[in-house]
Amino acid sequence: MSLSLDSLSLDSLSLDRLRMPALALATVAVASAVALPAGSASAAPAVSTTAATSVATAAAPSAARTAALAKARAVLVTAASLKGRPYRYGATGPRAFDCSGYTKYVYARNGIKLPRTAQQQYRNARKISKASIRQGDLVFFGGAHKYHVAIYAGNGMIWHSPSSGKTVRNVKIWTSRWSAGRVIG
């Protein structure tokens, strides 16, 4: 028996409701659609290469998203572990930080290299909308010149090294004049 994934209609199934990865769903669909001839111990269905490739590709973003979420969580754990470290202009850690020194240090501890200043980090990051922001993204403050950078913690909160006399802390974003950038995934 020969079966092509191209002939299967997965549209009638609600992928959102099932919450199954596309590859697993396709495997279930192929397995349930294959009828073994009587007396046959096994039959290997012939799956079209393009259909198999598109199913495998559909599963890839899910794996990439999972890896990005894990990396973001690790970044936030590192960011939180530095709570209370003092701000010092030009400092890059680990005992004291300025804002961009803090983000550079946190991301470096998680295998992501960032440039030194807030403006350079802004140029290096992939620009995203405020609506698309997720944990682990960078939050930049200022207009054309970015003068401050922080790490988005979720629910309108950021981790940052604020200014002289203050320490690394988790605070609510206090202004509407900010933009977001992504360096994870």
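The values are calculated or read from the model by the stated rules, or taken from the named source; none is laboratory data. Note that the structure is a prediction, hence the values are computed from the model and not measured. Glycine gets a Cβ as well: all are built from the backbone with ideal geometry, and neighbour counts include every protein chain shown.
Can you tell me how many residues within the range 80-103 are surrounded by 15 or more Cβ atoms within 10 Å (Cβ to Cβ), of a type outside the set (Gly, Ala, Ser) and over 18 Å from ALA180 (Cα atoms)? The qualifying residues number 7. Set side by side, the residues VAL106, VAL77 differ, and just one is at pLDDT 90 or above, of a type in the set (A, V, I, L, M) and loosely packed, with under 13 Cβ neighbours inside 10 Å, which is VAL77. Filter the range 123-168 down to the residues that are more than 15 Å from the chain's Cα centre (by Cα) and without any contact (Cβ under 8 Å) to a residue 24 or more places away in the chain, then identify the one that is nearest to VAL183 (Cα to Cα). Across the range 123-168, the extreme among qualifying residues is ARG123.
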